[in-house]
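The structure appears right after this line, and notes come after that.
The values are calculated or read from the model by the stated rules, or taken from the named source; none is laboratory data. Note that the structure is predicted; figures quoted are calculated from it, not measured. Using ideal geometry, Cβ is built from the backbone for each residue, glycine included, and neighbour counts are taken over all protein chains shown.
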Amino acid sequence: MFLWIGVGQSIFLFAQTEVETKKIEFLLREVQQLNGAKFWRNGSSYSPKQAADHLRMKWHKAGSSIKTAKDFIEKIASKSSISGKAYEIEFENGTKVETHSFLYKKLGDGRSNNIL
């Protein structure tokens, strides 16, 4: 009986982890596909691909401390771990938003193509 409960919990936790990993990968794709956008980090701008690569690198370095998409947004994708300054996205039209706002919006509505 106890073995079955342990196996069931393990399967549930694995499935939950897989779902959260897919959410994070979705967010990274959303960042990478923002054609014409600039990502501001510590006073310098980067392309969407560079931004996604940087966030992916931070995620892999963080390892098991990132268990959910919310963890990813809060601990990895919101601000610089060096300066503490918020990351920003500047859209092609010049509008800027903090990255965490963009990512939470995407997480809430995976079908949305634009924040604006």
**Study point:** Selection from the stretch 60-110 of residues that are assigned to a loop (DSSP other than H, G, I, E, B), out of contact with any Leu (no Cβ under 9 Å at 6 or more places or on another chain) and among the charged types (D, E, K, R)
**Key:** K67, K85, D109
**Study point:** Conditions (1) of a type in the set (S, T, Y); (2) in contact with a strand residue (DSSP E or B) (Cβ under 9 Å, 6 or more places away or on another chain); (3) surrounded by 15 or more Cβ atoms within 10 Å (Cβ to Cβ): number failed by S80
**Key:** (3)
Revision key, fill the gap. Among (1) at pLDDT 95 or above; (2) surrounded by fewer than 16 Cβ atoms within 10 Å (Cβ to Cβ), R41 falls short only on (2)
Study note, to complete from the structure: Restricting attention to the stretch 35-65, the residues that are of a type in the set (A, V, I, L, M) and either more than 14 Å from the chain's Cα centre (by Cα) or closer than 15 Å to H100 by Cα (or both) number exactly 4
Review point. Inside the stretch 20-31, can you point out the residues that are out of contact with any Ser or Thr (no Cβ under 9 Å at 6 or more places or on another chain) and surrounded by fewer than 20 Cβ atoms within 10 Å (Cβ to Cβ)?
Key: T21, K22, E25, F26, L28, R29
